[in-house]
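What follows is a short report on a single structure.
The values are calculated or read from the model by the stated rules, or taken from the named source; none is laboratory data. Note that the structure is predicted; figures quoted are calculated from it, not measured. We place every Cβ from the backbone using ideal geometry, glycine too, and count neighbours over all the protein chains shown. We work out accessible area using only protein heavy atoms, side chains counted, and drop any ligands, DNA or RNA first. Shrake-Rupley method; radii C 1.70, N 1.55, O 1.52, S 1.80 Å.
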Amino acid sequence: MSKFTKMAMVLSTAMPLVFGTAHSAHAAGGLISIIVNDPANPYWMAEGKIASDEATKLGYKANVSAHKGDTNVESNLVDTAITNHSVALILDPANASGSIGAVRKAIAAHIPVFLINAEINQSGLAKAQLVSNNAQGAAVGAQEWVKRVGEKGNYAELLGSPSDNNAATRSNGYETVLSQYPDLHKVASQVGNWDRTQGHDKMQSMLQAHPDIIGVISGNDEMALGAIAALKEAGKLGNVKVGGFDGTPDAVAAVKSGELQYTVMQPVAIFSRKAIDQADQFLKTGKTGVPAEKQLFDCVIIDKTNVAKYTAPFTLSD
């Protein structure tokens, strides 16, 4: 059994509950199925564990599983959630468009769906879509990056998975800020698919083609950490400054050591709990308790000035 399974998965059997409609009210209890992307990434591991812990605290059983970006796996996991008579589904969608069918399938089985971390390209299906304010996070991240790297020189960018709207939102946010500096030139960009190994390999190829770059801006921490490893191997980390996005424990450690300039922390600890709380509210009252389906949660820069306040994964103390 994997570390993630031991930490985040709870016995997934639950007494069947019969729904008259998706708006029927119920007492707390039953199974909440939680489907995340890939727990090999500490961000998604935390997402699943925090949601599972909150569900358990509120009196539900919780089952965490992972689709790893595969919509076919995601669809099968939704089938399992239906078979197990889940009272609610918490889903980090695999694909902005490709996950719509899985959401519809759950709804057809009278299981209310609450999306976290990533959106789908259709409103009015999920009861809530709770995500980081990626545009805001990218803007503050790019501003911080300029402070560290400077206003002149060649740089490279590592982008997340094209199937995830967050990748484009962050890249566009970076561009909005960095394009205001005419002497900063993006000479290379590669898709690293949120993955550390791919970030390392893509950084190697970009560095070979553009040995004069002075900075790397990354769509997430895993790719940034991969880039740092490649730069260290090439003996260039002292000359190239890297910025990240997510606020993972490994990235925070790299900020402390000085290898990573900063990371933009996503409030995954907040919205993962809130998704469970809103599911609980909906199951009891037929309403989520919030006025809008789409909910944005602002991100926070973590650098050496506040890194000591990072007291738990994705959590800053007051």
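When the trypsin sites (Lys or Arg not before Pro) in region 92-178 are filtered for DSSP coil states and for at most 13 other beta-carbon atoms within 10 Å of their beta-carbon, the remaining sites are Lys152.
How far is the Cα center of region 239-318 from the Cα center of region 194-215, in Å? Computed from Cα coordinates, the inter-centre distance equals 26 Å. Considering only Gly286, Ile34, Leu158, and ranking their Cα positions along the charge dipole of the chain that arises from unit charges at the beta-carbon of Lys, Arg, Asp and Glu, the one farthest toward the positive end is Gly286. Simple rule: put +1 on each Lys or Arg Cβ and -1 on each Asp or Glu Cβ in the chain, find the dipole, and look at Ala138, Asn220, Ser86; the Cα lying farthest toward the positive end is Ser86. Computed about the Cα centre, the dipole magnitude for the chain is approximately 500 debye when only Lys and Arg (+1) and Asp and Glu (-1) carry charge, each at its Cβ. Reported to the nearest whole Å, the Cα centre-to-centre distance from region 38-95 to region 128-163 is 28.
On the chain, 52 percent of the accessible area sits on carbon and sulfur atoms, based on a 1.4 Å probe. Spin-label model, Ala40/Gln136: points 7 Å from Cα along the beta carbon direction are separated by 3.3 nm.
Each of Gln295, His185, Val307 was scored by the projection of its Cα onto the charge dipole of region 184-318, and the greatest displacement toward the positive side belongs to Gln295; charges sit on the C-beta of Lys, Arg, Asp and Glu.
Of all beta bridges that DSSP places with both ends in region 82-236, some 0 percent have antiparallel geometry.
Using a Gaussian network model of the chain in which every pair of alpha carbons under 10 angstrom is joined by a spring, one finds that among Thr56, Thr288, Thr305 the greatest mean-square fluctuation is at Thr305.
Solvent exposure of the chain amounts to 41 Å² per residue of accessible area, where only protein heavy atoms count and the probe is 1.4 Å. Using Cα positions and a limit of under 23 Å, work out the lysines in reach of Lys57, with same-chain residues fewer than 8 apart set aside. Partners found: Lys3, Lys6, Lys49, Lys127, Lys274, Lys284, Lys287.
Ordered by 1.4 Å accessible area with all protein chains kept, Asp221, Asp164 run largest first as Asp164, Asp221.
Please sort by residue number the GluC sites (Glu not before Pro) in region 110-180 whose DSSP state is loop and whose Cβ has at most 12 other Cβ atoms within 10 Å. Answer by residue number: Glu151. Of all beta bridges that DSSP places with both ends in the chain, some 10 percent have antiparallel geometry. Evaluated with a Cβ-only charge set (Lys, Arg +1; Asp, Glu -1), region 193-234 carries a dipole of roughly 40 debye about its Cα centre, given to the nearest 20.
The lysines whose alpha-carbon is closer than 17 Å to the alpha-carbon of Lys232, local same-chain residues fewer than 8 away aside, are Lys202, Lys241, Lys256. The local environment of Ile35, defined by Cβ-Cβ distances under 9 Å, has a net charge of -2 under the rule Lys, Arg +1 and Asp, Glu -1.
Amide H contacts of Lys68 (H built 1.01 Å from N, in plane; Pro and chain starts excluded): Asp38 sit under 5 Å, all sequence-distant by 5 or more or on other chains.
Beta-bridge orientation, region 174-318: approximately 40 percent antiparallel, per DSSP, counting only bridges with both partners inside.
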